[in-house]
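To start, the structure under review is shown below, and the notes come after it.
What follows draws every value from the coordinates through simple rules; no lab data is involved. The structure displayed is predicted, hence computed values, not measured ones. Here the Cβ positions follow ideal geometry from the backbone for every residue, glycine too, while neighbour counts run over all protein chains shown.
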Amino acid sequence: KCTDDPLWLEATEVVHKATPDFALAKVLGSKYLQLKNFDKALPLLNEALTLAATPADKAEINILLGDNANINKDKPAARDYYRKAIAADPANKEGYEKIGDLYYFSFQECSKKSSLAEDRLVYIAAFDMYLKAGNQQKMNSTRAQFPSVTELFELNWKEGESKKITCWVGETVTLRTRGKE
């Protein structure tokens, strides 16, 4: 692709500097994000956000900024950007899915290893986001990771109770189970 040519990047930057443009800032920011050149990607994406004219454009850039934060292992910041994307364009469900992914892949990080039921709460939080995103496939695979009836019983917890996730996720979820084993 021509966008893979370093000369394309240079030429596009020159054009963008002369006439700042949302589309060019977005394309350049995305390209630098892809190249893991975060020092160049972030200012361009922030500039694109200021140039964004529509809610859909704002959502798209916030998703990219969230991806940037996630790549840089800042999950709370990534979630904040994904939430901004949802707020900018509620019709765009990608932010919910991305938050669900953040939660789903936080199991190891959030696990206290004292109770499987408590450790698995992140999966319920992820499921709730996938539900909002309308992603049935991810909902199904995540539901299989819910605590079991036995795991809840061991803590004297009951389905329908609310529990707060104590790691960075910080969400309060309604207890559900994957069923009996």
Considering only the range 125-147, I want to know if a residue exists there that is closer than 30 Å to Asn46 by Cα, among the charged types (D, E, K, R) and free of Cβ contacts under 8 Å to residues at least 40 places away in the same chain. yes
Tally, over the range 98-121, of residues that are in contact with a Lys or Arg (Cβ under 7 Å, 6 or more places away or on another chain) and acidic (Asp, Glu): 2
Within the range 60-80, of all residues that are buried (at least 20 other Cβ atoms within 10 Å of the Cβ) and β-branched (Val, Ile, Thr), the one farthest from Ala25 (Cα to Cα) is Ile63
Could you name every one of the helices (runs of 4 or more DSSP H) located completely within the range 81-181 that has at least 2 residues being surrounded by 13 or more Cβ atoms within 10 Å (Cβ to Cβ) and under 19 Å from the mean Cα position of the chain (by Cα)? 94-104, 107-110, 121-133, 136-143
Do you know which of the residues in the range 6-37 that are within 30 Å of the chain's Cα centre (by Cα) and not in a helix (DSSP H, G or I) is surrounded by the most Cβ atoms within 10 Å (Cβ to Cβ)? Asp21
Counted residues, the range 38-59 - those being among the aliphatic types (A, V, I, L, M) and surrounded by 19 or more Cβ atoms within 10 Å (Cβ to Cβ): 7
